[in-house]
Amino acid sequence: MGPTQFSSLPLEEAVLSNLESIGYHQMSEVQSQTLPHILNGRDVIAQAMTGSGKTAAFGLGLLHHLKPGQFRVQALVLCPTRELADQVAKELRRLARCLPNTKILTLCGGMPMGPQTGSLEHGAHIVVGTPGRVAAHLRKKTLTLEHVTRFVLDEADRMLDMGFQDEVDSITKCLPAERQTLLFSATYPDSIKKVIKRSLVDPVTIKVEQVHDDTTIRQYFHKFDAKTPRMTALQLLLLKHKPESALVFCNTRIESREVVEELRIAGFNAIALHGELDQKERDQMLVLFANKSVSVMVATDVAARGIDINELDLVINFHLANDVEVHVHRVGRTGRAGSQGVACTLYKNSEQNQLDKLAEFLGTELETTPLPSLQMLNEPPVKPPMVTLRIEGGRKQKVRPGDIVGALTGAGGVAATQLGKIDLFDMCSYVAVEDAVAKTALRKLGSGKLKGRSFRVRKVHH
Ligand code: AMP
């Protein structure tokens, strides 16, 4: 591992002091390994996961080479999902705080084209987008990439898994040959190797140690059998750990739906995140889960892509992942940012082989922990602490979080400490409130006004 001080890099003073001010005192491993090459202009392939600090690694590179005086698209970042694109843009804006007038634009599917075209007409330095939408703008000639000097493929494996191969190819064809390309991916299937061959030149390859520090994530392996079947084992683990936020991984969409049905019958507050949801439904589910109105989310690997929920206290592998790297990626979603996380994996006797492979990959012995006693099934599942209210007004109506807090906490309202997360979308907003004050909050919001207008408000059921 190289030096870990940002000051060892040829970065401007303003950039260094901004890094200090946002609390980045030392480089993460992926940053210390990639940044010297990225700043040097080399093409880089980095095997790193979400949570490793990869966004700042490529972000600092993009910003370092940017010419703010030239108001045209100089960098393009492709991400698999809108959520990830939004997170990347947010991180880039934070890093660019010290570089006034840097315009960063997101171009994602599921949003109307018109406003994006309008923003493109006003110009941007960096575009962050999903492949389908970026390709659509290129076809309509509302976007040109002829001045792009930096190209980033973020979570490239997911992008290909989601079927974006053709779009990525068509976008790459529109880029100048003379450019720097950075590719980040958690895994390296053959499809990625083809992309690498076609789009990167003499790349430096970096692999960040994926094995998590045992002090932040505790992994438990539980064997189930006919006496305590898989579904019962899952319930026992949820009853034992009492998570406020647990992510349960299934290998298929059908299975994830069935698991949610069974969990609901058993009294758990659970939702399934699957690929058939439209963007609005998906947004709403993620809001409910992130604001602690739903404590169990069941998802497939594909559906869980791009979700970034902090404070995820439990990950359960309902089915062993087919690939060891996928296992590590799933488990890595808990224990973020130094907090303690727990990951439980269910397996059966005939899967011992797969478990051995995993142990070899992780370089440790994997001990099997007995499942909690069946008596635990007599205990009621814990209820989520919050409920969510949906307001039919959002950014377009100029609703701001402060307006919602103000409307809820006035005379006869709820205390600010009883409010949770607020999420704003274009046409609606969500606010989490403690379960005990849901009725008061609903009444207060329903009878009051936001921005001088009354909006319809309802409790979200799921
Ligand atoms: P990422 O892998 O890009 O999604 O980043 C994971 C998280 O780590 C984000 O919340 C970043 O803000 C944060 N982060 C990135 N680099 C650093 C750093 N050098 N020091 C502290 N936090 C960081």
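The values are calculated or read from the model by the stated rules, or taken from the named source; none is laboratory data. Keep in mind the model is a prediction, meaning the values are calculated, not measured. FYI the Cβ positions are ideal-geometry reconstructions off the backbone, even for glycines, and counts take in every protein chain you see.
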Q: Go through the residues of segment 63-85 one by one and say whether even a single one is among the β-branched types (Val, Ile, Thr) and within 8 Å of the ligand (Cβ to nearest atom).
A: no
Q: Report yes if some residue within segment 241-254 is surrounded by 15 or more Cβ atoms within 10 Å (Cβ to Cβ) and touching a Gly at 6+ places or on another chain (Cβ under 8 Å); otherwise report no.
A: yes
Q: Identify the single condition in (1) within 24 Å of the chain's Cα centre (by Cα); (2) in a strand (DSSP E or B); (3) not aliphatic (A, V, I, L, M) that PHE221 does not satisfy, given that it satisfies every other one.
A: (1)
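Where in segment 38-151 are there strands (runs of 3 or more DSSP E), lying fully within it, with 3 or more residues that are of a type outside the set (Ser, Thr, Tyr) and over 20 Å from ASP426 (Cβ atoms)?
Those strands (runs of 3 or more DSSP E) span 44-47, 75-78.
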Q | Complete set of residues in segment 34-54 that are of a type in the set (S, T, N, Q) and at pLDDT 95 or above | A | THR34, ASN40
Q: Return the total of residues in segment 1-44 being surrounded by 12 or more Cβ atoms within 10 Å (Cβ to Cβ), away from the ligand (no atom under 12 Å from the Cβ) and among the charged types (D, E, K, R).
A: 3
Q) Among the residues of segment 45-58, which ones are more than 8 Å from the ligand (Cβ to nearest atom) and of a type outside the set (A, V, I, L, M)? A) GLN47, PHE58
Q.
Pairs please, first residue from segment 40-63 and touching a residue at least 60 places away in the same chain (Cβ under 8 Å), second anywhere and acidic (Asp, Glu) and part of a loop (DSSP other than H, G, I, E, B), Cβ atoms under 7 Å, 6+ apart in sequence or on different chains.
A. ASP43/ASP202; THR50/ASP308
Q: Scan segment 229-285 for residues that are under 19 Å from the mean Cα position of the chain (by Cα), part of a helix (DSSP H, G or I) and among the polar types (S, T, N, Q) and jot them down.
A: GLN279, GLN284
(Q) Can you confirm whether ASP190 is modelled with pLDDT under 90 and of a type outside the set (Val, Ile, Thr)? (A) yes
Q: Determine if segment 210-217 includes at least one residue that is without any contact (Cβ under 8 Å) to a residue 60 or more places away in the chain, surrounded by 18 or more Cβ atoms within 10 Å (Cβ to Cβ) and either among the small types (Gly, Ala, Ser) or not assigned by TED's automatic domain parsing to the domain that holds GLN352 (or both).
A: no
